[in-house]
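This report refers to the structure that appears directly beneath it.
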Amino acid sequence: MDKYSQYYLQAVPKDMWGQSSLQKLTVTTPQGNHELLLQTELGSNQINMVGLSAAGLVLFNLTWSDESGLEIKNNLPTKDIEAQVILAYYQLANWPMENIQLGLKNLDLVNSPEDQQQRNFFRDNTRIFSMVHTPQYNLMTHYIDHYQIKIETLQQIKVD
């Protein structure tokens, strides 16, 4: 998350098993904007994620499970953000707070008192980043590293 804190990936919550989604990510940095598509499948013990360029080129394939850990195949370099960081932010936005707190190291998670859809992540009383979760999008703002990631859900299905 930054050079002083970490997030350890957590298992897929049972009520999310069988979900599949297609999302558009817009990464905004001081240098500009970058867009990519993200296809994510959540299984009972595995997460599969594919990052695609706006033109449909496969940027990376990512698989994570409790047993085998993280496996990433990068086909093309992604600018400004790594595949494992995208997966971590995906979990931080969508997993229940109890699950997220199990994976945090040197970070505290607090819901915003004004907006229960906003999760704030602090280290030593300094807000490092926040995550706003709505039905239409997630918005992650990193206050220390000065970038934002907006994740818009284009399609979501659940297979039983």
*Under a point-charge model restricted to the Cβ atoms of Lys and Arg (+1) and Asp and Glu (-1), what is the dipole moment magnitude of region 23-96 relative to its Cα centre, in debye to the nearest 20?*
240 debye
*With a Förster radius of 41 Å, plug the Cβ-Cβ distance of LEU22 and THR126 into 1/(1 + (r/R0)^6) and report the FRET value to the nearest 0.05.*
0.70
*Within a Cβ distance under 13 Å of ASN120, other residues only, what is the Lys/Arg minus Asp/Glu net charge?*
0
*Within region 1-127, what is the number of lysine pairs with alpha carbons under 23 Å apart, leaving out pairs fewer than eight places apart on the same chain?*
4
*Just flag the trypsin sites (Lys or Arg not before Pro) in region 1-60 sitting in loop per DSSP whose Cβ has no more than 14 other Cβ atoms within 10 Å.*
LYS3
*So who's got an amide H within less than 5 Å of the one on GLY18, skipping anything under 5 residues away but keeping other chains? H placed 1.01 Å off N, in plane.*
LEU42, GLY43, SER44
*Mind listing the phi-derived Karplus ³J(HN,Hα) values for region 121-137, rounded to whole Hz, using 6.51, -1.76 and 1.60 with θ = phi - 60°, and x for any glycine or proline?*
10, 10, 10, 6, 6, 10, 6, 8, 7, 10, 10, 9, 10, 10, x, 8, 7
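Might you report the magnitude of the Cβ-based charge dipole of region 26-160 about its Cα centre, with Lys and Arg at +1 and Asp and Glu at -1, to the nearest 20 debye?
For region 26-160, the charge dipole is close to 220 debye.
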*If you wrap a convex hull around the Cα atoms of region 11-78, how much volume per residue is inside, in Å³?*
99 Å³
*Express in % the proportion of alpha carbon pairs of the chain at distances exceeding 21 Å.*
45 percent
*Tell me, what HN-Hα J-couplings in whole Hz come from the Karplus equation 6.51 cos²θ - 1.76 cosθ + 1.60 at θ = phi - 60° for each residue of region 34-39, using x for Gly and Pro?*
9, 10, 8, 9, 10, 9
*Rounded to the nearest whole Å², what accessible area per residue is found for the chain with the 1.4 Å probe?*
54 Å²
*Most mobile listed residue (GLU71, GLU114, GLU41) in the chain, GNM with C-alpha springs under 10 Å*: GLU114
*Given N residues in region 80-160, what is Rg(Cα) / (2.2 N^0.38 Å)?*
1.11
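The values are calculated or read from the model by the stated rules, or taken from the named source; none is laboratory data. Keep in mind that this is a model prediction, so the values were computed, not measured. Glycine gets a Cβ as well: all are built from the backbone with ideal geometry, and neighbour counts include every protein chain shown. All accessible areas refer to the heavy atoms of the entire protein, side chains included, with ligands and DNA or RNA removed. Shrake-Rupley method; radii C 1.70, N 1.55, O 1.52, S 1.80 Å.
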